[in-house]
Amino acid sequence: MLNLVIFGPPGCGKGTQSARIAERYGLVHLSSGDMLRNEIEKDTTLGKQVKKYVEKGLLVPDHIILKKIYKSAIKYINSAGIIFDGFPRTLVQAVMLDRFLHKKDILLDMVILMLVDRSELYQRLMGRAEDSGRKDDNEKVFHVRMKVYEKETHCLKNYYKKQSKILQVNGMEPVGDVSDKIANAINYYCKNNRIYSKVI
Ligand code: AMP
């Protein structure tokens, strides 16, 4: 199996890159944001529970997201691998994911951190707001999401650095170039069992 996590600030392109990596390597793409939006759209019990958090740009409580992720991931433990997109987003989630994978005897291979300047993130999200239909793609919620990212999620960089699993990617380049660089880094890892330490 090849198991990856991708994270970064809102608008960093993690959804786009995850889909491309998943296709290239035959991985299952598990996007926590898509799962939640799907529940909200279907107006399920879970959807009703999480709607207020998602629309305000706040994090859904750990126990809710963990339950949902475990339930989905368990279906794919015999697949070619999983790319976790947007999960984990807190230290608690990261620790719990490690425990979950450890229990199933599964290795988390690499954690991709997408780096994009704040001004570029803002421009991308404002552009996306026009056709995404996402209630959290607006100026006010963008600032909340950035704050939440800085307070709760960015610390995962150190958590995974300590495990020598972090791959830092400059996400400001054209989409195809970013995908190619990530693919090169994955191929290098598969061959050498090492992750590039420099920002690529
Ligand atoms: P995303 O599509 O990854 O930008 O996620 C959209 C929204 O879904 C976030 O702003 C949160 O409200 C919620 N969400 C997604 N993933 C998580 C997670 N791992 N933990 C808590 N909330 C999440």
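Overview of results
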| quantity | calculated |
| --- | --- |
| Rounded FRET efficiency, nearest 0.05, which uses the C-beta distance separating ASN78 from ASN38 and R0 of 35 Å | 0.90 |
| Pairwise label distance in nanometres, LYS140 with GLN163, each label 7 Å out on the Cα-Cβ vector | 3.7 nm |
| Equivalent ellipsoid, segment 57-200 (semi-axes from 5 times Cα gyration tensor eigenvalues, Å) | 26, 21, 15 |
| LYS48 paired with LYS103, simple spin-label distance in nm, labels 7 Å along Cα-to-beta-carbon | 2.9 nm |
| ³J(HN,Hα), Karplus 6.51/-1.76/1.60, whole Hz, each residue of segment 32-40, x for Gly, Pro | 5, x, 4, 4, 5, 4, 5, 5, 5 |
| MRE, 222 nm, helices only [DSSP H, n ≥ 4, -39500 (n - 2.57), over the chain, to nearest 500] | -17000 deg cm²/dmol |
| Listed pairs LYS14/LYS75; LYS14/LYS151; LYS14/LYS198; LYS48/LYS104; LYS14/LYS162 exceeding 28 Å between Cα atoms | LYS48/LYS104 |
| Which of THR45, THR16, THR90, THR153 has the fewest Cβ neighbours within 10 Å, and the rest in rising order | THR45, THR16, THR90, THR153 |
| Amide N proximity, segment 1-27 versus CYS190 label position 7 Å along Cα-to-Cβ, cut-off under 19 Å | 1-6, 17-27 |
| Contour excess over end-to-end distance, with Cα ends at LYS71 and GLU173 and 0.36 nm allotted per residue | 33.2 nm |
| Aspartates and glutamates whose Cα lies under 19 Å from that of LYS42, excluding same-chain neighbours fewer than 8 positions away | ASP34, GLU55, ASP136 |
| Euclidean distance between Cα centres, segment 59-97 to segment 115-177, Å | 19 Å |
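Here, each number is a calculation from the coordinates, and none is a lab measurement. Just so we're clear, the structure is a prediction, and the values are computed from it rather than from any experiment. Because the Cβ atoms are built from the backbone with ideal geometry, glycine has one as well, and the counts that use them run over all protein chains shown.
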